[in-house]
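The values are calculated or read from the model by the stated rules, or taken from the named source; none is laboratory data. Here the structure is a predicted model, which is why all the values come from computation and not from measurement. Here the Cβ positions follow ideal geometry from the backbone for every residue, glycine too, while neighbour counts run over all protein chains shown.
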Amino acid sequence: MRGRHKEGSGHPVWLEPFRDRVSGREGFRFEVEYRIEFRGDKTDSPRRQMHMCATVVRAIVEPALARCDVLRPAAAEQDVNLELELRLPREGPGVMVTRAFITVCVDDDTTASAERLARARQNAKADAVERDRLRARMAFFEEEVLRDQASVRLFLLAEGIGQGKAGTSPSASDIQDAADEVRQWSRKNKWVDTAKILHEHFDSLPDDSLLALLATLRDSIKDHDNQRLLDRFNDIHGSHGGPAGAG
């Protein structure tokens, strides 16, 4: 690694090429070969001139390569050589670096490690996108689909029709049943709104008033001989109008 001097010249001369390992993005390293042309005082030692020239050029190359991806070594080489062309000539202690260029390569182990990291990051991004999609779908179900039975029925009907696969489309009777249920539970049905009002009213009552009202409701169901509804009521509130299992 000695400078080649022309006897008695102030003409530019080329250093012997030398190699180094330089960090790129993520800390992965490039294998770099330097070629440097310079002018220097012929009284200086070749070793000192080499050191001074390398210091000047490395100050340009290393920050530039730190921004580069080891999976794109050709692009890194082009970008850094353009920067050298733009920033030289440059003077250092006892030398004037007139030109320089580098060649870049990456060993197989470094490439494999960088590819693994890139795949892991890509998978993490895909997982994040899928989580966001799932959160949005869950919010849609909670806010739109699960508001009432009509919304649920309409959603399932639309999903069945939207799939459009043989054997999965709803029959005419399925559609009629869905229409009947939607009408029954639609927010436009006054009894649905009435049930919501009763729900809010019951929640606002003190316990003794609530128990009295539930007892009255149970008696009304019993008086109208609706045993199916009475059984359902008793399963929830108990046979005396209080909570199930009470009294």
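Looking across the range 25-59, the residues that are more than 19 Å from residue 89 (Cα to Cα) and in a helix (DSSP H, G or I) come down to 25, 26, 27, 46, 47.
Checked against (1) over 43 Å from the mean Cα position of the chain (by Cα); (2) surrounded by 11 or more Cβ atoms within 10 Å (Cβ to Cβ); (3) modelled with pLDDT under 85, residue 194 passes all but condition (2). Of all residues in the range 51-60, those satisfying the criterion of being in contact (Cβ under 8 Å) with a residue 40 or more places away in the chain and out of contact with any Lys or Arg (no Cβ under 7 Å at 6 or more places or on another chain) are 52, 53, 57.
Check whether at least one residue in the range 161-168 is at pLDDT below 85, surrounded by 11 or more Cβ atoms within 10 Å (Cβ to Cβ), under 39 Å from the mean Cα position of the chain (by Cα) and not in a helix (DSSP H, G or I), and report yes or no. So far as the range 161-168 goes, no, none of its residues is at pLDDT below 85, surrounded by 11 or more Cβ atoms within 10 Å (Cβ to Cβ), under 39 Å from the mean Cα position of the chain (by Cα) and not in a helix (DSSP H, G or I).
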